[in-house]
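Q: I have a structure here, written as structure tokens, and I will follow up with some questions on it.
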Amino acid sequence: MLVGLDIGATKILGVVTSAEGEVLASVRVPSPAGGDQVVTAAADVVERLRASARSGVGVVGVGIPGLVDTSRGTVRHAVNLGVADGYPFSERLGAATGARIVLDNDANAAALGAAALLGERDLGYLSLGTGLAAALVLDGRLRRGSGNAAGEIGHIPVDPAGPRCECGQVGCLETVASGSAVAALWPGNGQPAAQALFDAAAAGSADAAAVRDRFAARVADAVRLVALTVDPTVVVLGGGVAQVGERLRVAVAHALAEQAATSPFLRSLDLPGRLRLAPLDRPVAALGAALLGRAP
Ligand SMILES: [Zn+2]
């Protein structure tokens with residue numbers, strides 16, 4: 001059996017799975033703020049999973065937002081969790097649980113989970129959350145990069161006249177293709193912005209439809225970037241924005257087809273036909289975190 005934890009800004013979701021990736025039990029708790037507090041809450045989730053699985057667990061895979069040093073088990077830029085840069089997350093959680101901890105970025109974990117659930121060995125996973133990042137499973141293996149920065153396409157500048165990005169550059173792709181980008185264009189008034197936007201467009205608002213199509217075209221740019229860089233079998237739309245479901249995939253596939261209208265080269269790649277949606281009804285990131293424990 002494997003244990004995986006998906007640690008997010010609002011919740012910690014833990015699962016026990018079989019070696020084949022079948023979810024046997026799950027536990028969800030709210031995320032506290034601060035490194036020690038997150039470790040304590042995560043250790044409690046592991047303890048409850050062990051009790052429900054009636055098993056000692058030797059390896060715990062963890063997906064966490066931020067830049068993860070997978071060899072040291074430390075995390076940087078996990079600002080939403082209040083975890084200090086360089087916090088020795090794996091060491092502390094290992095001490096609290098007695099388990100070996102395999103720590104990775106949440107998008108990497110979700111990409112592994114999506115690969116398992118979709119039955120693909122080769123994919124690019126677009127995490128459309130507050131920011132934008134891609135994660136790559138190529139020939140069945142995560143491609144993390146030499147500095148764990150592979151897939152950080154949200155910080156590729158695409159518009160010299162665009163807004164300053166919090167990374168310090170100007171006009172990064174994530175300023176136009178992310179959940180924050182949607183929220184800036186279409187406030188959700190309590191609802192998630194992407195949900196409000198797609199609902200308004202479906203209800204007949206011409207303004208909303210125009211904003212939706214412009215946003216979908218920028219997400220299509222991200223898809224094209226991943227596809228032309230590593231040419232994975234499929235590109236998966238995931239993250240909070242993907243909760244709007246099939247409507248997002250349809251809008252982005254439509255934008256990809258429009259971009260290919262004048263290009264026999266792009267048309268030959270059939271990007272609309274290679275676009276997938278992350279399964280909405282399954283714990284993709286927690287399952288992927290569990291699978292981190294068995295990855296080489
Ligand atoms: Zn940036």
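The values are calculated or read from the model by the stated rules, or taken from the named source; none is laboratory data. Not measured: the values here are computed from a predicted model. When we count neighbours, we look across all protein chains shown, and the Cβ atoms used for this are built from the backbone with ideal geometry, even at glycine. We work out accessible area using only protein heavy atoms, side chains counted, and drop any ligands, DNA or RNA first. Shrake-Rupley method; radii C 1.70, N 1.55, O 1.52, S 1.80 Å.
Q: Restricted to region 174-213, and to residues that are part of a loop (DSSP other than H, G, I, E, B) and small (Gly, Ala, Ser), which residue is farthest from the ligand (Cβ to nearest atom)? Steps first, answer last, please.
A: Initially, region 174-213 is screened for residues part of a loop (DSSP other than H, G, I, E, B), giving 176-178, 186-192, 203-205.
Next, only the ones that are small (Gly, Ala, Ser) stay: 177-178, 188, 190, 203-205.
Values: Ala177: 12, Ser178: 10, Gly188: 23, Gly190: 28, Ala203: 33, Gly204: 35, Ser205: 30 Å.
Checking each candidate, the answer is Gly204.
Q: OK, next. Taking region 100-112, which residues are out of contact with any Pro (no Cβ under 9 Å at 6 or more places or on another chain) and crowded, with 19+ Cβ neighbours inside 10 Å? Talk me through it step by step, then tell me what you get.
A: Here is the first cut: in region 100-112, the residues out of contact with any Pro (no Cβ under 9 Å at 6 or more places or on another chain) are 100-104, 108-112.
The answer is Ile101, Val102, Leu103, Asp104, Asn108, Ala109, Ala110, Ala111, Leu112.
Q: From the list Val29, Val60, Val15, exactly one residue is in a strand (DSSP E or B) and open to solvent by 10 Å² or more (accessible area, probe 1.4 Å). Which is it? Give the derivation first.
A: Working: Val60 fails: open to solvent by 10 Å² or more (accessible area, probe 1.4 Å); Val15 fails: open to solvent by 10 Å² or more (accessible area, probe 1.4 Å).
Residue meeting the stated conditions: Val29.
Q: Output yes when any residue across region 35-52 is part of a loop (DSSP other than H, G, I, E, B) and of a type outside the set (Lys, Arg), and no when none is.
A: There is no residue in region 35-52 that is part of a loop (DSSP other than H, G, I, E, B) and of a type outside the set (Lys, Arg).
Q: Now a separate question. Among the residues of region 119-138 satisfying the criterion of being open to solvent by 40 Å² or more (accessible area, probe 1.4 Å) and in contact (Cβ under 8 Å) with a residue 60 or more places away in the chain, which is nearest to the ligand (Cβ to nearest atom)?
A: Thr130
Q: Can you tell me which residues in region 181-201 are surrounded by fewer than 20 Cβ atoms within 10 Å (Cβ to Cβ) and either closer than 28 Å to Arg267 by Cα or free of Cβ contacts under 8 Å to residues at least 24 places away in the same chain (or both)?
A: Those that are surrounded by fewer than 20 Cβ atoms within 10 Å (Cβ to Cβ) and either closer than 28 Å to Arg267 by Cα or free of Cβ contacts under 8 Å to residues at least 24 places away in the same chain (or both): Ala183, Ala184, Pro187, Gly188, Asn189, Gly190, Gln191, Ala196, Asp199, Ala200.
Q: Within region 214-226, is even one residue away from the ligand (no atom under 16 Å from the Cβ) and open to solvent by 50 Å² or more (accessible area, probe 1.4 Å)? Can you show your working first?
A: Restricting attention to region 214-226, the residues satisfying the condition of being away from the ligand (no atom under 16 Å from the Cβ) are 214-217, 219-220, 223-224, 226.
If we keep only those that are open to solvent by 50 Å² or more (accessible area, probe 1.4 Å) too, we end up with 214, 224.
Yes, region 214-226 has at least one match.
Q: To continue, here is another question. Please go through region 139-161 and pick out each residue that is open to solvent by less than 50 Å² (accessible area, probe 1.4 Å) and in contact with a helix residue (DSSP H, G or I) (Cβ under 6 Å, 6 or more places away or on another chain). Lay out the reasoning, then the answer.
A: Here is the first cut: in region 139-161, the ones open to solvent by less than 50 Å² (accessible area, probe 1.4 Å) are 140, 142, 145, 148, 150-151, 153-154.
If the condition is that a residue be open to solvent by less than 50 Å² (accessible area, probe 1.4 Å) and in contact with a helix residue (DSSP H, G or I) (Cβ under 6 Å, 6 or more places away or on another chain), then Leu142, Ile153, Gly154 are the ones that fit.
Q: Considering only residues that are modelled with pLDDT of 95 or more and either surrounded by 17 or more Cβ atoms within 10 Å (Cβ to Cβ) or under 18 Å from Thr10 (Cβ atoms) (or both), look in region 162-173 and name the one that is farthest from the ligand (Cβ to nearest atom).
A: Taking the candidates together, the pick is Leu173.
Q: Would you check if there is a residue in region 139-153 being closer than 28 Å to Leu123 by Cβ, acidic (Asp, Glu) and more than 16 Å from the ligand (Cβ to nearest atom)? Write out each step before concluding.
A: Of the residues in region 139-153, the ones closer than 28 Å to Leu123 by Cβ are 139-153.
This time we only want the ones that are acidic (Asp, Glu), so: 139, 152.
Next, from what is left, pick out any that are more than 16 Å from the ligand (Cβ to nearest atom): 139.
Yes: region 139-153 contains one or more residues that are closer than 28 Å to Leu123 by Cβ, acidic (Asp, Glu) and more than 16 Å from the ligand (Cβ to nearest atom).
Q: Go through region 1-12 and count every residue that is open to solvent by 10 Å² or more (accessible area, probe 1.4 Å) and either at pLDDT 95 or above or under 18 Å from Ala78 (Cα atoms) (or both).
A: Going through region 1-12 one residue at a time, the tally reaches 5.
Q: Please enumerate the residues belonging to region 252-291 that are hydrophobic (A, V, I, L, M, F, W, C), part of a helix (DSSP H, G or I), more than 18 Å from Leu128 (Cβ to Cβ) and free of Cβ contacts under 8 Å to residues at least 60 places away in the same chain.
A: We begin by selecting, within region 252-291, every residue hydrophobic (A, V, I, L, M, F, W, C); these are 252-253, 255-257, 260-261, 265-266, 269, 271, 275, 277-278, 280, 284-287, 289-291.
Of the ones still in play, those that are also part of a helix (DSSP H, G or I) are 252-253, 255-257, 265-266, 269, 284-287, 289-291.
Keeping just the survivors that are more than 18 Å from Leu128 (Cβ to Cβ) gives 257, 265-266, 269, 286-287, 289-291.
Hits for region 252-291 are Ala257, Phe265, Leu266, Leu269.
Q: Report yes if some residue within region 248-264 is surrounded by 15 or more Cβ atoms within 10 Å (Cβ to Cβ), at pLDDT 95 or above and within 17 Å of the chain's Cα centre (by Cα); otherwise report no.
A: yes
Q: Then there's this: If we scan region 79-102, do we find a residue that is more than 19 Å from the chain's Cα centre (by Cα), among the basic types (Lys, Arg) and farther than 22 Å from Ala133 by Cβ?
A: Looking through region 79-102, at least one residue is more than 19 Å from the chain's Cα centre (by Cα), among the basic types (Lys, Arg) and farther than 22 Å from Ala133 by Cβ.
Q: Let me ask something additional. If you scan region 63-95, which residues turn out to be touching a His at 6+ places or on another chain (Cβ under 6 Å) and open to solvent by less than 30 Å² (accessible area, probe 1.4 Å)?
A: Gly66
Q: Do the conditions hold for Ala99, that is, is it more than 24 Å from Ser18 (Cα to Cα) and touching a residue at least 12 places away in the same chain (Cβ under 8 Å)?
A: So Ala99 fails the test.
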